[in-house]
1. Could you tell me whether L162 is out of contact with any Phe, Trp or Tyr (no Cβ under 8 Å at 6 or more places or on another chain), more than 21 Å from E297 (Cβ to Cβ) and at pLDDT 95 or above?
2. Taking helices (runs of 4 or more DSSP H) that do not extend beyond the stretch 20-138, which have at least 3 residues that are polar (S, T, N, Q) and not assigned by TED's automatic domain parsing to the domain that holds P194?
3. Across the stretch 134-143, what is the total count of residues that are more than 13 Å from the ligand (Cβ to nearest atom) and exposed (fewer than 14 other Cβ atoms within 10 Å of the Cβ)?
4. Among the residues of the stretch 215-225, are any under 27 Å from W131 (Cβ atoms), more than 16 Å from the ligand (Cβ to nearest atom) and without any contact (Cβ under 8 Å) to a residue 40 or more places away in the chain?
Amino acid sequence: MKEINIGKIKDRFSQELKGAKSDNEKKKICKKYIEDELSSVFVLLKNISGPKRATIGKDANNLKQFILEKMNDGGEKKREEREEMIDVTLPGESVKRGSIHPLTSLQERCKRIFANCGFSIIDGPELESEWYNFDALNFKQDHPVREMQDTLFIKQKNREKLSSKEKLLMRTHTSPVQVRYMEKRKPPLRIIVPGRVFRNEATDSSHEINFYQIEGLMVGKKISVANFKAVIGYFFRQLFDSNIEIRLRPSFFPFTEPSFEVDVSCTICNKRGCSVCKQTGWIEIVGAGMVHPNVLESAKVDPTKFTGFAFGMGIDRIAMIEHKIDDIRLFYGGDLRFLKQF
Ligand code: PHE
């Protein structure tokens, strides 16, 4: 390797500087020595080790200082010029990077797991008609969720005269996409629908005016509860861990019969009982059931030929459990101190 001799560089520099005819020329020489000669010395230094590196490094820094002083000889104007000069030996400024929102990354993980077992990922509108959100899903006219306090209805002229297909609202769940999809595609089918839903609610640590769900639907010949248990069990084992247990409890939804609630064994305390599972050892995450024949009929699917299961789960709730977050509002507050942790 080429021998580095700082003394020689200094001699050459002084020689050249003497020969300079103007301030401008002097400045150019100084710049050349710092930006070319000394920079390459600093690069070469990386390959040298031990005391030799320390000595050369020190000498090089002294020379740099010496050159800078020469450059500064002419007073104020020269100092300005020096400040303008780019010191390529300084470390660069680091670029600030954003991070992926915890709800987005969880949604991506869920999508990947279902896609791996053959589910298509489908989208639906957030601005929905009363027909798809309620009527087609077998909600009776006087079902309490249709009340003003739960649903965000859209103001429309002469609304009372409109049909339920024309009356608009912000969807309260992702289930309307079940009907929308079955109208277009005949069974066998399996889809998941990730998306945002809206509820007219006072916000607190566990309620938000909007949140995210993933809807699932599988329809075909002889689809049964056993198929559902297999799919949902596989999903949670992939998402959390392979030892997780699931159980079904009876429940009620207008659009499924029978309906159930799916609990998973608490991932935090391993069924010993903790604050997250309220000492029960189980966490309730999914609403599900066998698609109601009336819903199949709404979508023009023959319920005597086909059966299916549907399920819906809240992404926010799963993310809260996973990251031990105790306030859902943190997801929507845009506080960088929160978001940077993911
Ligand atoms: N849509 C229901 C909810 O928002 C969840 C659900 C989906 C239940 C599909 C059964 C079948 O709570």
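The values are calculated or read from the model by the stated rules, or taken from the named source; none is laboratory data. Quick caveat, the model's predicted, so the values are computed rather than measured. When we count neighbours, we look across all protein chains shown, and the Cβ atoms used for this are built from the backbone with ideal geometry, even at glycine.
1. Details: out of contact with any Phe, Trp or Tyr (no Cβ under 8 Å at 6 or more places or on another chain): yes; more than 21 Å from E297 (Cβ to Cβ): yes; at pLDDT 95 or above: yes.
Yes, satisfied.
2. Output list reads 51-71.
3. Count: 3.
4. Here is the first cut: in the stretch 215-225, the ones under 27 Å from W131 (Cβ atoms) are 215-220, 223.
Next cut, more than 16 Å from the ligand (Cβ to nearest atom) only: 220.
From the residues that got through so far, the ones that are without any contact (Cβ under 8 Å) to a residue 40 or more places away in the chain too are none.
The answer is no, given that none of the residues of the stretch 215-225 is under 27 Å from W131 (Cβ atoms), more than 16 Å from the ligand (Cβ to nearest atom) and without any contact (Cβ under 8 Å) to a residue 40 or more places away in the chain.
Yes or no, residue by residue, for (1) touching a residue at least 24 places away in the same chain (Cβ under 8 Å); (2) within 15 Å of the ligand (Cβ to nearest atom):
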position: V145; (1), (2): yes, yes
position: F153; (1), (2): no, no
position: N158; (1), (2): no, no
position: S163; (1), (2): yes, no
position: E166; (1), (2): yes, no
position: H173; (1), (2): yes, yes
position: V179; (1), (2): yes, yes
position: I191; (1), (2): yes, yes
position: F198; (1), (2): yes, yes
